[in-house]
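These notes are about the structure you will find just below.
The values are calculated or read from the model by the stated rules, or taken from the named source; none is laboratory data. Values in this document were obtained by computation on a predicted structure and should not be read as measured data. So basically every Cβ, Gly included, is an ideal-geometry build from the backbone, and we count neighbours across all protein chains shown. Heavy atoms of the whole protein, side chains included, go into the accessibility calculation; ligands, DNA and RNA do not. Shrake-Rupley method; radii C 1.70, N 1.55, O 1.52, S 1.80 Å.
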Amino acid sequence: PTYPVTTPSGVDSSKKAAAKGDVVIITVKPEAGYVVKEVLVTDAKGNQIKVTAKGNSVFTFVQPDSQVDIQAVYTRESTPFQDVTWSDYFYDAVAWAKANDITDGVGNGLFGSKNSCTRAQIVTFLYRVFAEQ
């Protein structure tokens, strides 16, 4: 007999149904800004099945003699700034400015998010923003 392999959105498996002993390959596709923290596979009784990480968001497990449920746990990948975190309300605008060469921060991976801006810095910033459009 074969048993269903249930996956959530963003997770693909090599088989939608597998027989006991089959090796099932899982490929996880995290959203931008996230990485896979772990992949959990449980059988019909809730027992956790051993999962092997193969690298590049690919994992494998051996199908037990029951249906399995697959869950992926994600975490934010590290930010390109030492003094700006993912939870800061201005992170997306900071990431946009960096990606579009509007600003590179104050050096050494710092952005100076708590620093005051001079008039010259503001004029330079606005010039670069409008020159980008």
Residues being surrounded by 15 or more Cβ atoms within 10 Å (Cβ to Cβ) and in contact with an Asp or Glu (Cβ under 6 Å, 6 or more places away or on another chain): count how many of those fall in the range 7-48. 2
Quick check on the range 71-102: of everything there that is outside any strand (DSSP E or B) and polar (S, T, N, Q), which residue is nearest to V11 (Cα to Cα)? S78
Taking first residues from the range 85-113 that are on the phi > 0 side of the Ramachandran plot and second residues anywhere that are surrounded by 16 or more Cβ atoms within 10 Å (Cβ to Cβ) and outside any loop (DSSP other than H, G, I, E, B), the pairs with Cβ under 8 Å that are 6 or more apart or on different chains are G105/K98
Selection within the range 49-70 - open to solvent by less than 80 Å² (accessible area, probe 1.4 Å), touching a residue at least 24 places away in the same chain (Cβ under 8 Å) and in a strand (DSSP E or B): V58, F59, T60, F61, V68, D69, I70
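Say we look at the range 106-133 and pick out the residues that are β-branched (V, I, T) and surrounded by 10 or more Cβ atoms within 10 Å (Cβ to Cβ); which of these is modelled with the highest pLDDT? Let's see the steps before the verdict.
At the first step, the residues of the range 106-133 found to be β-branched (V, I, T) are 106, 118, 122-124, 129.
Pick out the ones that are also surrounded by 10 or more Cβ atoms within 10 Å (Cβ to Cβ) and you get 106, 122-124, 129.
Values: V106: 77, I122: 83, V123: 89, T124: 84, V129: 79.
If we take residues in the range 106-133 being β-branched (V, I, T) and surrounded by 10 or more Cβ atoms within 10 Å (Cβ to Cβ), then V123 is modelled with the highest pLDDT.
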Among the listed residues V73, V5, identify the single one that is among the hydrophobic types (A, V, I, L, M, F, W, C) and closer than 30 Å to G109 by Cα. V73
Looking at N100 and the list (1) closer than 30 Å to A131 by Cβ; (2) open to solvent by less than 70 Å² (accessible area, probe 1.4 Å); (3) polar (S, T, N, Q); (4) more than 25 Å from the chain's Cα centre (by Cα), which single condition is not satisfied? (4)
Test for T52: is it among the polar types (S, T, N, Q) and more than 24 Å from R76 (Cα to Cα): no
